[in-house]
1. Could you list all residues from segment 362-377 that are open to solvent by 70 Å² or more (accessible area, probe 1.4 Å), modelled with pLDDT of 85 or more and either of a type in the set (Ser, Thr, Tyr) or part of a loop (DSSP other than H, G, I, E, B) (or both)?
2. Restricting attention to segment 310-329, which residues are in contact with a strand residue (DSSP E or B) (Cβ under 6 Å, 6 or more places away or on another chain) and open to solvent by 30 Å² or more (accessible area, probe 1.4 Å)?
3. Whether any residue in segment 267-274 is more than 30 Å from VAL22 (Cβ to Cβ), surrounded by 13 or more Cβ atoms within 10 Å (Cβ to Cβ) and at pLDDT 85 or above is what I want to check.
4. State whether one or more residues within segment 85-93 are at pLDDT 90 or above and under 16 Å from SER44 (Cβ atoms).
5. Looking at (1) in a helix (DSSP H, G or I); (2) at pLDDT 70 or above; (3) under 30 Å from VAL427 (Cα atoms), find the lone condition where ARG287 falls short.
6. Over 30 Å from THR178 (Cα atoms), open to solvent by 70 Å² or more (accessible area, probe 1.4 Å), at pLDDT below 70 and hydrophobic (A, V, I, L, M, F, W, C), is that true of LEU251?
Amino acid sequence: MKLTMPGLFLKIFFWFWATAIVTGIALVATFIFGPGRVPSRLHSTLTDTARSSGMIALAELERGGAPAASSYIESFERDTQLRACLFDVNGNAIAGKDCTTFTDMLSRVASSRSPEFAVKYGLVRVAVILPGSGGHDYIFATELPAGPRAAFGMDKLAVALRFAVALAVSGFICYLLTLYLTGPILRLRQAAQHLAQGKLSTRAAPSIERRGDELGALGRDFNTMAVRIEELISRQRQLIFDISHELRSPLARLNVALDLAREEKAGKLPFDHMESDLVRLNEMIGRLLTIARLDTAAIPVELTSVNLTELVSQIVDDAGFEAQKRNVAVNMAAPEHCYARGNAQLLYSAIENIVRNAIRYTDAETSVDVSLKLNDQSEVLLVIRDHGKGVHGSDLERIFQPFYRVAEARDRESGGAGLGLAISDRVVRIHGGTIHAENAEPPGLKVIIKIPAAELASAH
């Protein structure tokens with residue numbers, strides 16, 4: 001059996017990358033919005049970097065006023081993509097844009113006279129006091145890319161938060177994936193348990209069948225299996241019922257004949273009836289064993305190239321003698337050679353059952369027409385048509401079931417047990433073919449068999 005895995009593989013692949021991406025986004029969010037602090041060993045380097053840029057901005061302020069300082073800061077922001085602002089000691093902005101982002105640091109640096117550090121949106125923010133040449137102090141605040149160690153810091157709470165977020169996000173997504181994959185499996189397991197308990201109508205849920213992956217295929221195969229099991233067990237139950245029904249009549253007649261024989265009043269007649277019923281029972285048991293063997297496929301069937309033209313011609317010749325009793329002609333139309341791959345003995349039995357059945361039920365002084373040919377699908381097409389009363393439409397499929405009779409009383413008169421067409425059906429299916437019946441016009445029954453044709457190389 002060829003294994004294909006695109007469905008589940010793609011879904012698991014998608015879920016894997018979805019987990020990685022969502023977890024990464026969650027980590028970035030905690031990195032940006034979560035708590036953080038700058039390690040003390042980096043304070044000196046960050047202070048010197050901020051003070052260097054601040055002194056240039058202050059020099060520009062003292063040389064050309066606020067416009068010059070603003071021009072420098074704009075150039076600094078354009079080159080570095082980092083924000084910077086220059087304030088007086090009271091926290092009033094002198095140069096820079098969107099300086100309110102540094103507001104929470106100004107009061108602390110003004111009161112402590114020491115540099116202030118903070119981490120926000122993944123960047124380190126530094127605010128320092130700068131002495132002016134006229135005795136006035138200024139505050140310069142800027143963002144600096146201080147590297148991952150400064151950005152993440154050594155805050156245990158931040159590390160624990162990020163680890164918890166990653167674990168929670170990945171765990172939640174994996175939980176959803178587990179539900180998605182194991183849910184159908186658990187429902188299939190429950191359905192299998194119900195089936196094992198004898199609830200033969202159990203089927204996999206439609207939601208599983210509609211899936212486009214391997215689990216959906218498994219659900220559809222489960223339903224196919226369940227339908228087949230229900231059909232086989234139903235047939236078995238019906239077969240047991242029919243066998244008991246069919247055996248009751250000949251056994252009852254045997255008992256009557258035995259009683260008569262004991263009384264020695266009827267001569268040889270009881271023994272003749274006993275012999276007839278025993279022959280009937282023996283034939284019925286033989287056919288039942290054939291059906292059982294074909295249903296279980298316990299014995300492998302050897303297939304060879306069979307010339308169906310010769311085989312069917314022999315059947316028609318043999319059946320012609322029986323047909324003469326009712327003044328019925330058996331006509332055959334077939335090419336000189338028509339090969340199929342099959343078992344000659346089984347095919348002979350299957351086709352003979354149908355031909356003799358047609359002879360039995362065609363009207364007297366009519367004909368049974370047998371045609372054989374190759375169709376366009378490389379199949380052997382065999383059609384057997386009688387000129388009887390036909391079969392009611394609702395019975396056309398059921399006539400291939402064991403013991404099924406359309407007109408029970410008439411069948412018993414003819415000696416039929418209702419097993420011949422059942423054997424034919426199983427033989428045709430073993431050969432990979434199909435068999436069905438349909439009513440014909442003028443009235444009559446037409447049985448159509450299709451069997452794969454043999455290749456030309458193997459036919460000779």
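1. Answer for segment 362-377, where residues must be open to solvent by 70 Å² or more (accessible area, probe 1.4 Å), modelled with pLDDT of 85 or more and either of a type in the set (Ser, Thr, Tyr) or part of a loop (DSSP other than H, G, I, E, B) (or both): just GLU365.
2. Of segment 310-329, the ones in contact with a strand residue (DSSP E or B) (Cβ under 6 Å, 6 or more places away or on another chain) are 312, 316, 319-320, 323, 329.
ALA329, the sole residue that qualifies.
3. No, the conditions are met nowhere in segment 267-274.
4. Among the residues of segment 85-93, not one is at pLDDT 90 or above and under 16 Å from SER44 (Cβ atoms), which makes the answer no.
5. Evaluating ARG287 over (1) in a helix (DSSP H, G or I); (2) at pLDDT 70 or above; (3) under 30 Å from VAL427 (Cα atoms) leaves (2) as the failure.
6. no
Per-residue answers, yes or no, for (1) within 28 Å of THR309 (Cβ to Cβ); (2) part of a helix (DSSP H, G or I); (3) modelled with pLDDT of 90 or more; (4) open to solvent by 20 Å² or more (accessible area, probe 1.4 Å):
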| residue | (1), (2), (3), (4) |
| --- | --- |
| ASN331 | yes, no, yes, yes |
| ALA340 | yes, no, yes, no |
| LEU346 | yes, yes, no, yes |
| SER349 | yes, yes, no, yes |
| ARG360 | yes, yes, no, yes |
| LEU382 | yes, no, yes, no |
| ARG410 | no, yes, no, yes |
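Yes or no, residue by residue, for (1) open to solvent by less than 70 Å² (accessible area, probe 1.4 Å); (2) assigned to a helix (DSSP H, G or I); (3) at pLDDT below 85; (4) touching an Asp or Glu at 6+ places or on another chain (Cβ under 7 Å):
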residue	(1), (2), (3), (4)
GLY198	yes, no, yes, no
ASP221	no, yes, no, no
ILE233	yes, yes, yes, no
ARG237	no, yes, yes, no
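The values are calculated or read from the model by the stated rules, or taken from the named source; none is laboratory data. Here the structure is a predicted model, which means the values were calculated and not measured. In this analysis, Cβ positions are derived from the backbone assuming ideal geometry, glycine residues included, and neighbour counts consider all displayed protein chains. For the accessible areas, the whole protein counts, side chains as well, though only heavy atoms, and no ligand, DNA or RNA atoms are used. Shrake-Rupley method; radii C 1.70, N 1.55, O 1.52, S 1.80 Å.
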